[in-house]
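Visitor: Before anything else, here's the structure in question.
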């Protein structure tokens, strides 16, 4: 895939986003079965109680060490990995998610923010963070192109910064706090975590005005902490202890994130650590550093300790795949799929292992798996990308063009989506579901080409 570097670079040079982020050409979205499932587990009851549909609210996790979360592009919540790794208990993450939901249901999104609601997730991040590509972490990194649609939105604005787009008033912050507290009370959950996050943030040094972090977009003062604190401390759930299993899962994903983002530091820290968390961190770090055989040995021992944990089988399957031990990888993914009861993200990894065999029978099996996945995860870029390749390899060119159109639509590349759907329409059987879907994409993207 060719990235349009020049156009994007010109856009970002002309529009100083003023983010204070380290210069980088990529920002990573986490697309990991264990991490995503855990965050969805924390988010689901809050969304349901707020009358929001899981189908229409995206909760995305991005790799960044700072404590932050924000809403952008309509009903898309973005959580920094730093919020996860800096949280001592699940209630802290839950409290922040509840607060962001408060912004959504209270209608705090201005017309400027609503202007980017039609852009793709990758495009929003590419434009907001001033990067030229967005990657996906799924035990490895894959490059996704940021789209020009989102970036172009900012060209019509006058030197917008991320802070100006996402910043709320103190009144809006207090309203979101109150919504979060009521939401937590309704779910019989302690608001202690939200209060802990507010205290943590209030103790930080004075913030550089050019940096994007939680306080720069979510104004915090002593009055806000006092009002929220009084409400939270008055709840009968305030001293409720964290769910032991949830706390354990939090520590697991923290170990995984730290192992990936800080492999050398993580290895030093957990050098003699024999705990589950320490071994997960070491295995992840070693895998990140390309020391697959050492990682494999740790993961094999972890499986003996936890024979029903699908995520360890999945990670070992991915590590075997990177070590070119394809048959072993397929075997591990099969077990992970069965134990997880067909988790969609694990199925995508399984399909990659099957594709690596480069045989007709495994390609057919991978197609069947990915067709199931795309019915559940209609906006998963990786699934459509793989289907585009597999359909093409098997001579199903109409379906290949259609899968490519779906992929382009997810990325916000509307002209590409239009062109590929147009080609698909010429090859697909008339009056079939795929034929009508191609027509739908043409109608959706037609305005771009007028």
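Bear in mind these aren't lab numbers, they're just calculated from the coordinates by the rules spelled out. Only a predicted model underlies this, so the values are computations on that prediction, with no experimental measurement involved. In this analysis, Cβ positions are derived from the backbone assuming ideal geometry, glycine residues included, and neighbour counts consider all displayed protein chains.
Visitor: For the range 323-379, just say rounded, prolate or oblate: build the C-alpha gyration tensor, square-root its eigenvalues into a ≥ b ≥ c, call rounded for a/c under 1.5, and beyond that prolate if a/b exceeds b/c, oblate if not. Could you put the intermediate results ahead of the total?
Guide: Details: a/c = 2.15, a/b = 1.29, b/c = 1.66.
Oblate, since a/c reaches 1.5 and b/c is not below a/b.
Visitor: Along the Cα→Cβ direction, 7 angstrom out, place labels at residue 274 and residue 377. What is the inter-label distance in nm?
Guide: 3.7
Visitor: Once a ≥ b ≥ c are taken as the square roots of the eigenvalues of the Cα gyration tensor of the range 294-348, is the result rounded (a/c under 1.5), prolate (a/b larger than b/c) or oblate (a/b not larger than b/c)?
Guide: oblate
Visitor: While we're looking at this one, here's another question. Is the C-alpha gyration tensor of the range 350-450 telling us rounded, prolate or oblate? Criteria: a/c under 1.5 is rounded; beyond that, a/b larger than b/c is prolate, otherwise oblate.
Guide: prolate
Visitor: Stokes-Einstein diffusion coefficient for the range 400-450 at 20 °C in a medium of 1.002 mPa s, Rh from the Kirkwood formula over Cα pairs: what value in µm²/s?
Guide: Estimated via Stokes-Einstein, D reaches 209 µm²/s.
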